[in-house]
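Below you'll find the structure, written out as structure tokens, and then a few comments.
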Amino acid sequence: KAFLENFKNTKHKTANISVSLKHKEKDGAASIAKKLEKKGSAAHFSDILRARFDVDTIDAARAVAQDIKKMVKTIEFDDFLKTEGRADGYRAIHLQLLFKDGTSGELQIRLKKMDKALSKSHKLYKIKTSGLTTAKGAAFHDAALDSVKKELDDIWFDALQKQGLGSEELIDTNIHVG
């Protein structure tokens, strides 16, 4: 966390940063302890540590990713910020970073304005659709997912409109309308 705070304070002062340990999710700390006992070291975990930078613009997200890649070994890079994004409307950059001690962590770089919509999306995806016993319940769930996707798309297109003409998203890509 200190590394990211220092990085923010020297290069990207307007970013919001959150850092968490994955043990807060899924099976909790007991699961992590079991895996540590079995593997012998945290070096075999791919995402025990997760951090997020929330930035104001697409260009800022790209700048953070480039700066981080210069400072820490990147073992995986997924760019969901491209115009086509993911089918669910999610757009971010994910980097899997390898640290000097052999552990790795995931860094997500997202737009600040997407935070509330992504929180809604996360809650909806946690709902097991097999537990919805009526067609009306399933339809409501699907409509809610579609609504969040539209919200994410609207935020994306708003951010895209603010990009300069030389932006990577505007060069050699399909033009989306309406």
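The values are calculated or read from the model by the stated rules, or taken from the named source; none is laboratory data. Predicted model only: the values in this text are computed from it and were never measured. Just the protein is used for accessible areas: all its heavy atoms, side chains included, with ligands, DNA and RNA removed. Shrake-Rupley method; radii C 1.70, N 1.55, O 1.52, S 1.80 Å.
Miscellaneous remarks
- Averaging 1/r over each pair of different alpha-carbon atoms in region 43-150 and inverting the result gives 15.6 Å, the Kirkwood hydrodynamic radius.
- Violating pairs (Cα-Cα greater than 22 angstrom) within the set Lys8/Lys120; Lys11/Lys116; Lys82/Lys150: Lys8/Lys120; Lys11/Lys116
- In this structure Arg91 has an accessible area near 10 Å², from a 1.4 Å probe over the protein heavy atoms.
- Diffusion constant of region 67-122 at 37 °C, which comes from Stokes-Einstein with the Kirkwood Cα-pair radius and 0.692 mPa s, µm²/s: 263
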